[in-house]
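J.: Have a look at this one.
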Amino acid sequence: MRIVVIGGGAAGFFGAITCAEANPAAKVVLLEKTGKLLSKVRVSGGGRCNVTHNCLVPTVFSQYYPRGSKQLKEAFKVFGAQETIAWFQKRGVQLKAEADGRMFPSTNSSETIVNCLMQEAHGVGVQIKTGAGVESIEPRTEENFSYFKLQLTDGTSIKADKVLVCTGGSPKSQSYGWLQKLGHKIKEPVPSLFTFNVPSSPLKDLLGISVPKARVRIAGQKLEYEGPLLITHWGYSGPAVLKLSAWGARYFYEQKYNFTALITWIPDFTEESLREHLQQYRQSHPKKTVATNPLFDLPQRLWRGLTLIAEIPAEVKWAEMPGKNTNKLIEALLRLPVEVNGKTTFKEEFVTCGGIELSDVNMKTMESRLVPNLYFAGEVLDVDGITGGFNFQAAWTTGYLAGMNMAIKQQ
């Protein structure tokens, strides 16, 4: 049995290794159109590789996927974060969890993961070919024997009994044309995991300043997310923005990335409790200068920036603070409006929302419901998670399921 895996990323390697390991008699060939293997694995997490997330309950883990949550719930029960940790541990790679739940190799180097996958692929006999792009997949039947003919970009063709497509996400729907020809529906691809560009930001001079917990809400929508927030020279970033961008990917695309975001710098306060707190502080510290004495553990420069937005003069003391300026400060702390105009891809960790419609795929086996013996895994599917190791886990899980089922399913 000859199995061809298209795509040399995380899902492709995991699918190829799993299949070859489960069925040593199968000939598994992995094709990668570029000269680079596991490129996203290398750059993930700033070169540390955020392998998965320290959440061992499949039903909870699946809630971190704006697309694919329901379908992945059962898949994670078969091969989830716990199995991923054990898989790498068995092969000599220890993973460690950080305070925010992200898991990295204990070496803090993505090369550890790359080397592990490469060694494992070679060890189980996976044949790897780079510079081998696939132009088309054609199902054929001859004398009651079904197979696939794969036309490669170099003009050659190869035959396969089963094919696993792990070509990743693409920003253009045309990139999925060769799969549409087989009858598969494509959910329009749009970007996910990006930062907000705010050219007119009143705080753009404060680049590099971050707060551990802020809430970002989209005006007129139910979209919001709470988490660390970072001010950049182009706008806003950090987990609160990145995770919100994933949940609102389609809405932001429809708005052409022009919308109003409202930032709450102190999400533990309501307007009522904040007003009360400021009143008490004013009574306790009447002679303190407002602008130079930050409250709520906010960074000095950020606090000064917010007092400027509230039009509070530099020398004003709490006892002298006019009511209108107090109201403006409350607005700036709880609902600072920022006009978003554009986005920026977060480092090299671009993720696509969209791809093969999940209704076309048996998510227990990853086999196409339309074309027998054709499988999908990874980001080519309309599955994506928020930042924090969730997209890699989807790759390991879907790759594993596809690999196991390709290995055991009879012709």
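The values are calculated or read from the model by the stated rules, or taken from the named source; none is laboratory data. Values in this document were obtained by computation on a predicted structure and should not be read as measured data. A quick note on method: Cβ atoms are made from the backbone with ideal geometry, for glycine too, and the neighbour counts reach across all protein chains shown.
J.: Of these, 62, 44, which one is crowded, with 18+ Cβ neighbours inside 10 Å, in contact with a Lys or Arg (Cβ under 6 Å, 6 or more places away or on another chain) and under 22 Å from residue 192 (Cα atoms)?
T.: Just a single option satisfies the conditions, and that option is 62.
J.: To continue, here is another question. Quick one: would you say residue 256 is surrounded by fewer than 17 Cβ atoms within 10 Å (Cβ to Cβ), within 25 Å of residue 204 (Cα to Cα) and out of contact with any Lys or Arg (no Cβ under 6 Å at 6 or more places or on another chain)? If you could, list the steps in order and put the result at the bottom.
T.: Details: surrounded by fewer than 17 Cβ atoms within 10 Å (Cβ to Cβ): yes; within 25 Å of residue 204 (Cα to Cα): yes; out of contact with any Lys or Arg (no Cβ under 6 Å at 6 or more places or on another chain): yes.
Spelling it out, residue 256 is indeed surrounded by fewer than 17 Cβ atoms within 10 Å (Cβ to Cβ), within 25 Å of residue 204 (Cα to Cα) and out of contact with any Lys or Arg (no Cβ under 6 Å at 6 or more places or on another chain).
J.: Oh, and also: Go through segment 1-23 and report how many residues are of a type in the set (Val, Ile, Thr) and either in a helix (DSSP H, G or I) or within 16 Å of the chain's Cα centre (by Cα) (or both). First the steps, then the outcome.
T.: Keep residues of segment 1-23 that are of a type in the set (Val, Ile, Thr), which gives 3-6, 17-18.
Retained after the next criterion (residues that are either in a helix (DSSP H, G or I) or within 16 Å of the chain's Cα centre (by Cα) (or both)): 17-18.
Selection size over segment 1-23: 2.
J.: Of (1) in a loop (DSSP other than H, G, I, E, B); (2) under 25 Å from residue 400 (Cβ atoms), residue 154 satisfies all except one. Which?
T.: It is condition (2) that residue 154 fails.
Residues are listed down the side, and each one gets a yes or a no for (1) under 30 Å from residue 286 (Cα atoms); (2) in contact with a Ser or Thr (Cβ under 8 Å, 6 or more places away or on another chain):
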site	(1), (2)
322	yes, no
325	yes, no
368	no, no
376	no, yes
381	no, yes
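J.: Suppose we filter 193, 203, 164 for residues that are closer than 21 Å to residue 36 by Cα, crowded, with 20+ Cβ neighbours inside 10 Å and not basic (Lys, Arg); which single one remains?
T.: Values: 193 fails: closer than 21 Å to residue 36 by Cα; 203 fails: closer than 21 Å to residue 36 by Cα.
Just one listed residue meets the conditions, 164.
J.: Which of the residues spanning segment 149-161 are of a type in the set (D, E, K, R) and buried (at least 17 other Cβ atoms within 10 Å of the Cβ)?
T.: From segment 149-161, those of a type in the set (D, E, K, R) are 149, 154, 159, 161; that's our starting set.
Within segment 149-161, just 161 meets the criteria.
J.: Could I ask something else about it? How many residues are of a type outside the set (D, E, K, R) and touching a residue at least 24 places away in the same chain (Cβ under 8 Å) if we restrict to segment 53-80?
T.: Filtering segment 53-80 down to residues of a type outside the set (D, E, K, R) leaves 53-66, 68-69, 71-72, 75-76, 78-80.
From what is left, the residues that are touching a residue at least 24 places away in the same chain (Cβ under 8 Å) are 53-56, 61, 64-66, 68, 71-72, 75-76, 78-80.
Looking only at that region, the number is 16.
J.: Oh, and also: Identify the residue in segment 179-190 that is of a type outside the set (A, V, I, L, M) and surrounded by 17 or more Cβ atoms within 10 Å (Cβ to Cβ) and, among all such residues, is farthest from residue 388 (Cα to Cα).
T.: Pass one, segment 179-190, residues of a type outside the set (A, V, I, L, M): 180-181, 183-185, 187-189.
So of that shortlist, the ones also surrounded by 17 or more Cβ atoms within 10 Å (Cβ to Cβ) come out as 184, 187, 189.
On the way: 184: 30, 187: 24, 189: 21 Å.
The residue in question is 184.
J.: Can you give me the number of residues within segment 62-80 that are within 17 Å of residue 364 (Cα to Cα), in contact with a helix residue (DSSP H, G or I) (Cβ under 6 Å, 6 or more places away or on another chain) and part of a helix (DSSP H, G or I)?
T.: Residues meeting the conditions: 8.
J.: Against the definition (polar (S, T, N, Q) and under 14 Å from residue 396 (Cβ atoms)), how does residue 52 come out, yes or no?
T.: On the way: polar (S, T, N, Q): yes; under 14 Å from residue 396 (Cβ atoms): yes.
The answer is yes for residue 52.
Residues are listed down the side, and each one gets a yes or a no for (1) in contact (Cβ under 8 Å) with a residue 60 or more places away in the chain; (2) in contact with an Asp or Glu (Cβ under 8 Å, 6 or more places away or on another chain); (3) surrounded by fewer than 24 Cβ atoms within 10 Å (Cβ to Cβ); (4) not in a loop (DSSP other than H, G, I, E, B):
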position	(1), (2), (3), (4)
375	yes, yes, no, yes
379	yes, no, no, yes
401	yes, no, no, yes
404	yes, no, yes, yes
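J.: Exactly one condition in (1) surrounded by 15 or more Cβ atoms within 10 Å (Cβ to Cβ); (2) under 22 Å from residue 267 (Cα atoms); (3) touching a Leu at 6+ places or on another chain (Cβ under 7 Å) is false for residue 337; which is it?
T.: (1)
J.: Among the residues of segment 142-173, count how many are closer than 28 Å to residue 188 by Cβ and touching a helix residue (DSSP H, G or I) at 6+ places or on another chain (Cβ under 6 Å). Break it down stepwise before answering.
T.: To start, the set of residues in segment 142-173 that are closer than 28 Å to residue 188 by Cβ comprises 148, 150-153, 163-173.
Of the ones still in play, those that are also touching a helix residue (DSSP H, G or I) at 6+ places or on another chain (Cβ under 6 Å) are 164-169.
The number of residues fulfilling the criteria is 6.
J.: Name the helices (runs of 4 or more DSSP H) wholly inside segment 258-341 in which the number of residues that are farther than 30 Å from residue 241 by Cα and more than 32 Å from the chain's Cα centre (by Cα) is 2 or more.
T.: Values: elements: 271-284, 300-309, 323-334.
It comes to 271-284, 323-334.
J.: Return the only residue of 288, 324 being touching a helix residue (DSSP H, G or I) at 6+ places or on another chain (Cβ under 6 Å) and outside the structural domain of residue 110 (by TED's automatic domain parsing).
T.: Step by step, each of 288, 324 is checked, and only 288 is touching a helix residue (DSSP H, G or I) at 6+ places or on another chain (Cβ under 6 Å) and outside the structural domain of residue 110 (by TED's automatic domain parsing).
J.: Within segment 119-151, restricting attention to residues that are polar (S, T, N, Q) and outside any strand (DSSP E or B), which residue is nearest to residue 369 (Cα to Cα)?
T.: Filtering segment 119-151 down to residues polar (S, T, N, Q) leaves 119, 127, 130, 136, 141, 144, 146, 151.
Still in the running and outside any strand (DSSP E or B): 119, 144.
Details: 119: 33, 144: 20 Å.
Per the criteria, the residue is 144.
J.: Still on this structure: Inside segment 24-46, can you point out the residues that are part of a loop (DSSP other than H, G, I, E, B) and farther than 21 Å from residue 136 by Cβ?
T.: Scanning segment 24-46 gives 24, 25, 26, 35, 36, 37, 38.
J.: Right, another one. For segment 226-257, what are the residues that are within 14 Å of residue 386 (Cβ to Cβ) and in a helix (DSSP H, G or I)?
T.: Listed by number, the residues that qualify are 239, 240, 241, 242, 243, 244, 245, 246, 247, 249.
J.: Something else now. Any residue at all in segment 100-108 that is assigned to a helix (DSSP H, G or I), more than 18 Å from the chain's Cα centre (by Cα), in the same structural domain as residue 378 (by TED's automatic domain parsing) and in contact (Cβ under 8 Å) with a residue 24 or more places away in the chain?
T.: Keep residues of segment 100-108 that are assigned to a helix (DSSP H, G or I), which gives none.
Within segment 100-108, not a single residue is assigned to a helix (DSSP H, G or I), more than 18 Å from the chain's Cα centre (by Cα), in the same structural domain as residue 378 (by TED's automatic domain parsing) and in contact (Cβ under 8 Å) with a residue 24 or more places away in the chain.
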